[in-house]
1. Out of contact with any helix residue (DSSP H, G or I) (no Cβ under 9 Å at 6 or more places or on another chain), part of a helix (DSSP H, G or I), of a type outside the set (Ser, Thr, Tyr) and open to solvent by 40 Å² or more (accessible area, probe 1.4 Å) - does that describe any residue in the range 155-170?
2. Condition first: outside any loop (DSSP other than H, G, I, E, B), of a type in the set (A, V, I, L, M) and under 18 Å from Gly161 (Cα atoms). Can you find one or more residues in the range 245-254 that meet it?
3. How many residues does the range 38-69 hold that are in contact with a Ser or Thr (Cβ under 9 Å, 6 or more places away or on another chain) and closer than 19 Å to Asp129 by Cα?
4. On the given criteria, is Thr250 of a type outside the set (D, E, K, R), open to solvent by 70 Å² or more (accessible area, probe 1.4 Å), more than 16 Å from Leu169 (Cα to Cα) and modelled with pLDDT of 95 or more?
5. Against the definition (within 26 Å of Val83 (Cα to Cα), among the small types (Gly, Ala, Ser), touching a helix residue (DSSP H, G or I) at 6+ places or on another chain (Cβ under 7 Å) and open to solvent by less than 20 Å² (accessible area, probe 1.4 Å)), how does Ser213 come out, yes or no?
6. Can you tell me which condition Leu185 does not meet? The list is (1) touching a residue at least 40 places away in the same chain (Cβ under 8 Å); (2) part of a helix (DSSP H, G or I); (3) open to solvent by less than 50 Å² (accessible area, probe 1.4 Å); (4) touching a Phe, Trp or Tyr at 6+ places or on another chain (Cβ under 7 Å), and all the others hold.
7. Among the residues of the range 108-143, write down those that are part of a helix (DSSP H, G or I) and without any contact (Cβ under 8 Å) to a residue 24 or more places away in the chain.
8. Would you mind telling me which numbered condition in (1) in a helix (DSSP H, G or I); (2) modelled with pLDDT of 95 or more Glu88 fails?
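The values are calculated or read from the model by the stated rules, or taken from the named source; none is laboratory data. Keep in mind it's a predicted model, so treat the numbers as computed, not measured. For neighbour counting, all protein chains shown are included, and Cβ atoms are generated from backbone atoms with ideal geometry for every residue, glycine included. Accessible surface is based on the protein model in full, side chains and every heavy atom, while ligands, DNA and RNA are left aside. Shrake-Rupley method; radii C 1.70, N 1.55, O 1.52, S 1.80 Å.
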Amino acid sequence: MIKKIVLACSIMFAVGCTLSAQTVTTKPLTIGEVRTIKSKTLNEDRTLNIYLPQGFDKAKSYPVIYLLDGSINEDFIHVSGLVQFFNEMYSMPETIVVGIANVDRKRDFTFHTDIKDLQKDYPTTGHSDKFIAFLEKELKPYIESQFKTTDKYLFGQSLGGLLATEILLKKPEMFDNYFIISPSLWWDDESLLKQAGQLLAKSQDTKKFVYVSVGKGEHPVMVKDAEDWYDVLKKANKKNWTVEYKMMETDNHATILHRSLYEGLVKKFPYQEPK
């Protein structure tokens, strides 16, 4: 019996020595790149978080998602995960995500207002024209000089949804696909929404995908404005535009983005049974 105990202890000691002697190597888990570009338009440096598909090939062409609120501690990581999942499980092609990190989103995502209360509560606001110029004349040309690209997407929520709506109405050719989540169309007494029909009438009827959503648990004004915006889009009767709307029954302003983008991507890239 004593011999058996000694033998068992010897075996355990040997196994322990083997485990402790194992060499463990570590390396960073990389999903893309962080780049900083200097914007002459905004007169500041802007950080870009860029997700590259696994096996990225510089010789290939990729769609690009331009993600507002794209800081590491905002929406970049979970949106990149959605894109990877939809490429893996749905019909979405491999896609680059360009997360635009914020400096002052209230300044960048809102247009000028003369409403005194808004000027007082949000003193830096009203410079979306400069940010749109940055996107159009600096960021997009830079990305297209670095990567071969195909379709262009814009993802925006809340004030980012307001900006995405403004671009769709005033410079629709900038992007092919617009994902507009809980847009803050209440800004400036809904002036953008009031102009929407006239502005859409001037837009060319070129191929476009527009997805609008709002959470049932959000402020009633935000729900009403999103529904009205969808109605305006439908009445524009653009034959080459695919317009989708989703009321997120269980979501509020804080929870909506991830689940809503999932639903929008399902509409854009429906599941197909493997052959």
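1. Scanning the range 155-170, I find no residue that is out of contact with any helix residue (DSSP H, G or I) (no Cβ under 9 Å at 6 or more places or on another chain), part of a helix (DSSP H, G or I), of a type outside the set (Ser, Thr, Tyr) and open to solvent by 40 Å² or more (accessible area, probe 1.4 Å), so the answer is no.
2. Yes: one or more hits.
3. 4
4. Yes; evaluated as a whole, the condition is true for this residue.
5. Yes, satisfied.
6. (2)
7. Matches in the range 108-143: Lys116, Asp117, Gln119, Lys120, Asp121, Asp129, Pro141.
8. Every listed condition holds for Glu88 apart from (2).
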